[in-house]
Amino acid sequence: MAKKPFIDEEDLNLGGFDPIAAAGKLTTDISGGKKPINEYMEVPCDQIIEYQQKKDSDFRPYPDDKFQLLVDSVREYGVIEAITLRALPNGRFECLVGEHRWKASVAAGRETVPAHVITNLSDTQAEEYFSITNILRRDTTMLDRVNGWWHIYHGNGDSLNLGGTSELIDLAIELTPSDKKPGYTKRHIYRYIKMHDLIPPLKDRLDAAFPKNLTLMAGYNLASLSPELQQVVADMDKPVSEEKAKKMKELFEIGDLNKEAITAILSPAKKQAAPSVNFRSLNKQIKKAVQEQLRPEHLPKAGKIFSDALKEYLDKHPELKIEKNK
């Protein structure tokens, strides 16, 4: 079921307002170009809608307590950093950047929000803009990165080369904090994109708590399985290490992965522990029997006598004998 927009179209009362024409009246640069300079419009909150191409790949919303702090800040100080909107021909503005700031403005009772309005933006450009700015500016979760990079890849014709270059990837790598293990390399990014193939229950585990969470490599390997086999993994609700996920991927690629194989990997049968033997007590019993029944001059032969006696007994009771590998 498609997600309902934050503002229904029938709730809007635009009165013939044309956002594209309004944005076109902004001050332009001194070169005489038609592109507005960095000036902002105060846009009515009720004329803004959520970005409409999220599909099932949205960024996670703020937790309630964090969002309430934002609402309190907006109520007292207003929106300090303007949001970014896309003007639509039907008179609405689509929010590309700053959805939390816009919704906090609504919750705080503000009628307008400062916005940088972009006109004549195609659906593909809007998808890239939405994803790039969110990935590079937000404190993203694993699932955010999966959805964000997938949007960029999908919206750019299944490619990460913008304009024939890899400038986006290079920028993402450059912006990775130097005091942390790099979160963005080309290999990482393509793994995030692949993990978009995970079914929803497994996607949710990308940000789950240990031990049910999926690491980058565990999620990447599981994403290669068919949706049906992924569902088997999800239904078992067991921790999945990188090693176990890799084993499942290898079996899937050669056609040997099924429910039984997944069960064996995630819930291996426990080996029965060998019965504990008190060898000190056993040695005492053997020593006592030898001393009480074997004549002293034959004591040096005790070891061979015991070995022959054990062999003769096991020949009569082969079910007790350990089977040696042939």
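At-a-glance table
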read-out: Fraction of accessible area attributable to carbon and sulfur, region 231-326 (%, probe 1.4 Å); value: 54 percent
read-out: Hz values of 3J(HN,Hα) by residue in region 67-83 - Karplus curve (6.51, -1.76, 1.60), Gly and Pro given as x; value: 5, 5, 4, 5, 4, 4, 5, 5, 4, 8, 10, x, 8, 6, 9, 5, 8
read-out: K186 paired with K66, simple spin-label distance in nm, labels 7 Å along Cα-to-beta-carbon; value: 3.2 nm
read-out: Radius ratio Rg over Rh of region 196-326, counting only Cα atoms, Kirkwood formula for Rh; value: 1.38
read-out: Sulfur and carbon atoms: percent of accessible area, region 53-93 [1.4 Å]; value: 54 percent
read-out: Peptide ranges 256-262, 79-85 listed from the most packed, as the mean C-beta count within 10 angstrom indicates; value: 79-85, 256-262
read-out: Accessible area of region 215-313 divided out per residue, in Å², using a probe of 1.4 angstrom; value: 75 Å²
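The values are calculated or read from the model by the stated rules, or taken from the named source; none is laboratory data. If you're wondering where the values come from, they're calculated on a predicted model, not measured in any experiment. Backbone-built Cβ (ideal geometry, glycine too); neighbour counts: all protein chains shown. These accessible areas exclude ligands, DNA and RNA; they are computed on the full protein's heavy atoms, side chains included. Shrake-Rupley method; radii C 1.70, N 1.55, O 1.52, S 1.80 Å.
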